[in-house]
1. Output wanted: per-residue J couplings in Hz (rounded whole) for the range 540-554, from phi through Karplus 6.51 cos²θ - 1.76 cosθ + 1.60, θ = phi - 60°, x for Gly and Pro.
2. What percent does the relative contact order of the range 159-255 come to when contacts are Cα pairs within less than 8 Å and at least six residues apart?
3. From the cross-link list LYS456/LYS653; LYS49/LYS631; LYS8/LYS483; LYS631/LYS653; LYS77/LYS456; LYS49/LYS431, which pairs have alpha carbons spaced over 30 Å apart?
4. Just to be sure I understand: if I project the alpha-carbon convex hull of the range 725-806 onto a plane and average over all orientations, what area do I get in nm²?
5. Tell me the accessible surface of ILE606 in square angstrom (1.4 angstrom probe, heavy atoms of protein chains only), to the nearest ten.
6. Accessible area, 1.4 Å probe, largest first: how do LYS483, LYS77, LYS431 sort?
7. Under the 0.36 nm per residue contour assumption, what length would be gained going from the current alpha-carbon distance of GLU95 and ARG39 to full extension?
8. Given R₀ = 22 Å, FRET efficiency for GLU277-ARG367 by Cβ-Cβ distance, to 0.05?
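The values are calculated or read from the model by the stated rules, or taken from the named source; none is laboratory data. Owing to the predicted nature of the structure, the values given are computational and were not obtained by experimental measurement. Neighbour counts are summed over all protein chains in view; Cβ atoms, including those assigned to glycine, are modelled from backbone coordinates with ideal geometry. Calculation scope for accessible area: heavy atoms of the full protein, side chains included, ligands and nucleic acids excluded. Shrake-Rupley method; radii C 1.70, N 1.55, O 1.52, S 1.80 Å.
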Amino acid sequence: MHNGPRAKPVIAPYKGPAGGYGSLRSVTEILAREGVLVRDSTLLTHQNKPDGFMCPSCAWAKPAQPLPAEFCENGAKATAWETTSRRADQSFLAEHTLTELESWRDYDLEEAGRLTEPMRWNPETDKYEPVSWEAAFAEIGRELQALAGNPDETIFYASGRASLETSYLWQLLARVYGTNNLPDCSNMCHESTSVALPESIGVSVGTVSLQDFEQCDLMLHVAHNPGTSTPRILHQLQDAVKRGARIIAFNPLRERGLERFTNPQSPVEMATLAETEIAETIHRVKPGGDIAWLTGVCKALIEADDAAAAAGQAHATDRDAIAAATSDDAGFSIKVAAANQQNRRVLDHDFIAEHTHGFEAFADHCRAADWAALELVSGLTRAAMEDVAGIYARADRVMGLYGMGLTQHVAGVENVQMFVNLLLLRGNIGKAGAGVCAIRGHSNVQGQRTVGITEKPELAPLDRLEELYGFTAPREEGLTTVKACGAMIDGSVKAFLALGGNFLRAVPDPVVVEAGWRKLRLTVAIATKLNRSHVVHGEVAFLLPCLGRTEIDEQASGPQAVSIEDSLAHFHGSRGKVKPASEALLSEAAITAGIALATLPANPRIPWTDWVGDYATIRDAIEATWPATFKDFNAKLFQPGGIVRPVAARERKWATRSGKANFLLPTQLFAGDVASFGAEGVLQLTTLRSNDQFNTTVYGYYDRFRGVRGTRMVVFMNPDDIASRGLSDGEYVDMRTAIGDGVDRIVEQLQIVAYDIPPGCCGAYFPEINPIVPLAHHDRKAHTPAYKAIPVTLSRSASQVREVPA
């Protein structure tokens with residue numbers, strides 16, 4: 001099966017469910033393509049298992065009692081991608097100049113295979129050429145020392161894949177060097193969560209566990225595509241539906257994983273082609289419309305509660321009156337419980353009174369909201385919002401789940417806080433079967449923050465690090481991803497060290513960012529495969545190949561284990577199972593230590609070499625830095641189900657300035673660029689992933705669920721929007737950004753695909769569409785790039801013939 005780009009793409013609806021035989025065929029295809037079936041047919045049986053390796057793809061939770069195959073389609077693709085038999089070795093790199101490789105697609109660069117030895121760019125040949133590890137570290141050290149007079153000219157970027165152990169060393173390297181320039185991929189996805197939740201409930205992560213999925217009555221699933229982004233969650237969703245829980249989804253597109261699912265691990269379902277309906281209703285919210293529909297649901301609830309209050313049926317429990325009227329404790333308890341239930345007919349007044357702050361102002365804000373405006377911005381009718389409110393009010397235990405479709409907005413922080421406001425109205429945080437669930441992306445993106453990868457000095461235990469390691473930590477705030485891009489553009493940074501990732505493909509405004517990147521003095525990439533951020537480079541460029549998580553990591557004390565944190569705030573051990581792609585590879589931890597030893601002044605209190613020899617000693621250091629969070633870290637490393645991270649809000653302890661959970665008011669109704677909303681000829685663009693990719697990594701050119709094979713250069717449009725512009729399904733159009741900043745951003749020759757998407761909106765694939773996204777189009781507080789609700793215009797392409805497959 002040909003899964004690459006085609007000269008003549010095929011656009012045809014896919015009728016199957018999420019999972020099922022479509023998933024099975026897709027997994028079999030990539031395992032065969034990458035040679036995994038031939039080398040180790042049992043490899044996937046170790047994935048996400050105790051004493052196995054944790055998935056190198058998404059961060060979804062790992063159950064204590066895993067399924068026989070505890071991996072999903074995309075997890076299998078990630079493992080096949082990492083354990084491929086292909087090699088981008090010295091002979092491959094000797095054949096191609098970097099100028100030539102710049103013209104390659106990302107898919108083709110990564111399909112070249114695993115990197116095998118350290119490389120340095122030679123400006124005379126324009127090629128990467130082999131260099132010894134010792135020479136690479138020494139030269140990188142000299143370059144960094146030359147910039148040490150102003151350490152803030154150097155950026156230490158981290159992707160979400162590096163382990164807790166490596167991430168701890170990476171942040172220490174940056175801070176001993178003298179900077180908090182530690183942007184990471186969280187800046188581009190869930191930074192809005194990390195800013196919003198502490199202000200609302202005093203923690204930076206979600207509050208639910210896998211056990212809550214077994215006890216909830218209702219799930220509100222918002223702005224997330226489970227069949228593509230986190231397929232293993234479909235098992236929890238399916239189980240919940242089968243026991244009677246309800247799921248209501250809110251998303252611009254009717255994604256297949258929200259519609260129906262066939263469990264590939266169920267012989268009965270596969271034999272009978274049985275399907276489970278996941279969401280009973282999918283409300284197709286317009287990009288930028290989440291604050292509006294959430295306000296509408298809250299308004300309906302508050303107005304219903306106002307009516308109940310007028311009838312004397314809604315108020316906080318008067319415990320003093322009950323105590324005065326009751327002679328014994330048993331009777332008091334019974335009467336209080338009955339009163340609590342009675343007074344929770346709509347809102348939970350006891351919870352609001354005891355645990356929250358700011359309710360009255362929030363209630364007044366919702367009461368004053370105009371239904372017509374809420375309908376216009378959200379795309380939902382008043383009746384639909386009132387129906388959701390009624391279902392929500394009748395459910396006792398409600399979970400709120402959301403993805404990047406909520407966070408990646410100009411008002412992403414306010415999106416998240418409005419969702420929390422809805423949960424607070426009925427006390428749905430801090431009790432079994434309820435809570436907020438931020439569905440994180442990369443496999444350890446949340447964990448990296450937990451061990452200090454952050455540009456914000458107040459989020460890192462700098463005093464403790466100084467005490468442990470005898471250095472003076474920098475106190476100035478570092479650069480976020482957006483600010484790092486700006487600093488490259490204006491020339492105020494000189495070096496970029498990347499711990500994984502494909503930075504140039506992931507960021508907004510890549511054309512101008514790449515121009516700044518080329519002017520850097522030093523670029524260093526720690527990676528497993530070749531990508532765009534390696535073939536575009538600085539004056540001095542190194543490519544340092546590392547072990548993957550699936551591979552056996554042998555150090556002085558023997559085979560090593562690493563650890564990660566999943567989306568539900570549990571820590572897990574991970575142990576590689578396959579032979580490394582090359583004997584010359586070093587681990588990420590060893591590379592980090594090698595750079596540190598070559599760059600930093602000698603410090604006997606920082607045992608870089610000993611740490612690399614035995615990763616258990618790094619975990620001891622992590623526990624010494626955060627003793628409450630990582631208590632008994634090594635002893636519990638492979639505990640089934642993971643080590644539970646303390647999350648105060650789970651116990652209704654609110655580490656906020658008010659000491660309570662806060663109702664917070666939004667400042668705008670439309671979560672995008674307000675000036676462009678409703679403008680003539682403007683569509684609001686949302687970026688999408690196909691089910692054949694993970695973040696910037698493209699595994700193939702078949703978006704099965706949306707029926708697109710052989711191309712990624714498409715724009716999904718509502719049929720009425722196609723007709724009103726005098727266009728036709730299948731035509732090529734050019735897309736331009738409709739923000740008046742004087743910059744002409746354009747992506748040419750996108751093929752129109754008529755699709756069930758709300759009118760006034762369109763969708764296109766990340767990262768191909770990133771040149772449309774302005775760097776300044778980001779959340780005001782979190783600086784998360786707003787890859788949703790981007791105002792664009794379309795015009796017919798001059799040429800209706802595509803010469804090269806795309």
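1. These are the phi-based 3J(HN,Hα) values: 10, 9, 10, 10, 10, x, 10, 5, x, 5, 6, 9, 5, 10, 9 Hz.
2. Relative contact order for the range 159-255 comes out at 22 percent.
3. LYS8/LYS483; LYS77/LYS456
4. 6.5
5. The accessible area comes out at roughly 10 Å².
6. Values: LYS483 90, LYS77 5, LYS431 50 Å².
So, going from the largest accessible area down, we get LYS483, LYS431, LYS77.
7. Here the answer is 17.4 nm.
8. Values: r = 35 Å, r/R0 = 1.61.
That gives a FRET efficiency of 0.05.
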